[in-house]
1. Suppose the filter is under 22 Å from residue A:426 (Cβ atoms) and either buried (at least 22 other Cβ atoms within 10 Å of the Cβ) or under 13 Å from the mean Cα position of the chain (by Cα) (or both); does residue A:235 pass it?
2. I need the full set of residues from region A:1-45 which are assigned to a loop (DSSP other than H, G, I, E, B), more than 18 Å from residue A:155 (Cβ to Cβ), at pLDDT 90 or above and away from RNA strand B (no atom under 13 Å from the Cβ), in order please.
3. Are there any pairs, at least 6 apart or on different chains, whose C-beta atoms fall under 7 Å, with the first in region A:369-389 and free of Cβ contacts under 8 Å to residues at least 60 places away in the same chain and on the phi < 0 side of the Ramachandran plot and the second hydroxyl-bearing (Ser, Thr, Tyr) and buried (at least 18 other Cβ atoms within 10 Å of the Cβ), and if so, which?
4. Just to be sure I understand, how many residues within region A:241-275 are surrounded by fewer than 24 Cβ atoms within 10 Å (Cβ to Cβ), in a strand (DSSP E or B) and under 22 Å from the mean Cα position of the chain (by Cα)?
5. List the number of the failed condition for residue A:127; all other conditions in (1) in contact with a His (Cβ under 7 Å, 6 or more places away or on another chain); (2) closer than 30 Å to residue A:17 by Cα hold.
6. What residue, among those in region A:114-163 that are of a type in the set (Gly, Ala, Ser) and more than 18 Å from the chain's Cα centre (by Cα), is nearest to residue A:68 (Cα to Cα)?
7. Of the numbered conditions (1) in a loop (DSSP other than H, G, I, E, B); (2) at pLDDT below 95; (3) surrounded by 13 or more Cβ atoms within 10 Å (Cβ to Cβ); (4) of a type in the set (A, V, I, L, M, F, W, C), residue A:65 fails exactly one; give the number of that condition.
8. For the structure I just gave you, tell me whether residue A:225 is more than 15 Å from the chain's Cα centre (by Cα) and without any contact (Cβ under 8 Å) to a residue 60 or more places away in the chain.
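The values are calculated or read from the model by the stated rules, or taken from the named source; none is laboratory data. The shown structure was predicted, so the numbers you read here are calculated from the model rather than taken from an experiment. Ideal geometry is used to build each Cβ from the backbone, glycine not excepted, and the neighbour counts take in all protein chains shown.
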Amino acid sequence: MPVLAPQTTDFPGWYQDVIAKAELAETGPVRGTMVIRPWGYAIWEHIQAHMDDRIKAAGAQNVYFPLLIPEGHLRREAEHVEGFSPELAVVTKAGGRDLQEPLIIRPTSETVFGEYLARWIQSYRDLPLRLNQWANVVRWELRPRLFLRTSEFLWQEGHTAHTTEDGAAAYTRQIHSDVYRSVLEDVLAIPVLTGLKTAAERFAGATSTLTCEGMMRDGKALQLATSHELGQNFARAFDITYTDEDGSVQLCWTTSWGSSTRMVGGVIMTHGDDAGLRLPPKVAPVQVIVVIVNHDPDVTAAAENLKLELARTGLRVRVDDRTDVGLGRRLTAWELKGVPVRVEIGPRELAQGTVSVARRDGTDRETVSLADAATAARDAVQSVHDALFAQATEALRSGTADVEDLDAAIEAASSGFARLPWAACGPEGERRLNGAGLSVRCLTTAEGSVPATADADDLYAIVARAY
RNA sequence: CGGGGAGUGGCGCAGUCUGGUAGCGCACCCGGCUGGGGGCCGGGCGGUCGCAGGUUCAAAUCCUGUCUCCCCGACCA
């Protein structure tokens, strides 16, 4: 009995259903905005914690900058304004009167950071300066979708300044692999393709953009995080300079990088199945749910003991003893919410000294002795991550077709990813792909690694439909 | 902005063609039975049918106007 619509025929509907039924989020009062509910936010908090640890390990410090940006700031970098102006929300009135200069609600903060990087950086000794902020931004989207593209969203944006182009490039790559790729694969169990954006897909104002692209279960691509080399564009526009060892005044090289609550959407669409969400254990708000079949002193005691034993090893455990709610309903609800491991304790089994352990990545439910329950549950939590990653990796592998020309790419990308020699595509081919509802998600080397530059020889284009 | 569709209890819908004073499922509340996969029986709360005007003895239903929302496309983390 599938709880949700079949995802193969109606993926968007299935996606919205999971979000609603698992009580993750709902639409906000303003079109395109989102209310994140406790379960969805708890998932996000775990993602955020893993991300924040890695950001700090990479040497960046957290700060907070203002929500409102004077319009003039944004205008200082020409390409940047042009890229963002259609989607800006602008405050023109405050304190009961019209403002002299309109205020932009930040769509991203390169421009304010630029202003302050310029003030804070005097000497080469101040570099590299590596800052990060957790904040909400607003981009007036024409076509919103919960978690994937909302007009207001929550994210992390890093902004750094370096003495050399190489230093900036190396740091961009460090963030890309040690923060983004690491969180996506090791925490969220989402395998990603990594590479460079084409000139057409690049961030407005960047000289180079690195991306992590995931494949969703319907074969469409989702951009999950980007890191930008900004060259000296913003340094020039905001006068971010320093005095070098030899006394000369130099322009900085800056970077920016971001990832958002979109990752929650990526988790849903990568791992979800017809029974609902399947959460990677590292971000599951509840990692083990211990369900009491019905009330009985022995059952309750066994459940509480198991909870304590598991909690002692650092697992997030909860006991569901709401026996006024039918068992079937409770089991279904935890499945919908994606809890990785479920232990069922009931009087019949318990009389024989056993309990049941079910893993959310498969349908099997195994019977184990009460004495082994804690070990079995703990092992199950660990193996759910690997199983989800393995399943998603296989989907990505089998969903990617190697092709030699544009027509074959267009054909293959109707149901998955196409890997095409960039020489057979180029900017003109890219326009044709766009006309067919496709895009070049990234450019990679033959081995699949991130190329040194987007105009290197022997590159491959990953072509797909995208969210 | 172009193309479709919808506004009726908290949610999802029927009723509109053919006018007669609002109904179903879910949820919620009460009582009981049940209890190893969304269980059963009984009782109950809750809606001036998006808004404004018109026709009529009578409007959710017909007419005019208006507002809003959703879906597909174009913009995008």
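1. Details: under 22 Å from residue A:426 (Cβ atoms): no; either buried (at least 22 other Cβ atoms within 10 Å of the Cβ) or under 13 Å from the mean Cα position of the chain (by Cα) (or both): yes.
No, not satisfied.
2. A:37
3. A:369/A:354
4. Total meeting the criteria: 3.
5. Result: residue A:127 fails condition (2) only.
6. Filtering region A:114-163 for residues of a type in the set (Gly, Ala, Ser) gives A:114, A:118, A:123, A:135, A:151, A:158, A:161.
Checking which are more than 18 Å from the chain's Cα centre (by Cα) leaves us with A:114, A:118, A:123, A:161.
Details: A:114: 14, A:118: 19, A:123: 29, A:161: 22 Å.
Once the filter is applied, the top-ranked residue is A:114.
7. Here residue A:65 clears every test but (2).
8. Numbers: more than 15 Å from the chain's Cα centre (by Cα): no; without any contact (Cβ under 8 Å) to a residue 60 or more places away in the chain: yes.
It is false that residue A:225 is more than 15 Å from the chain's Cα centre (by Cα) and without any contact (Cβ under 8 Å) to a residue 60 or more places away in the chain.
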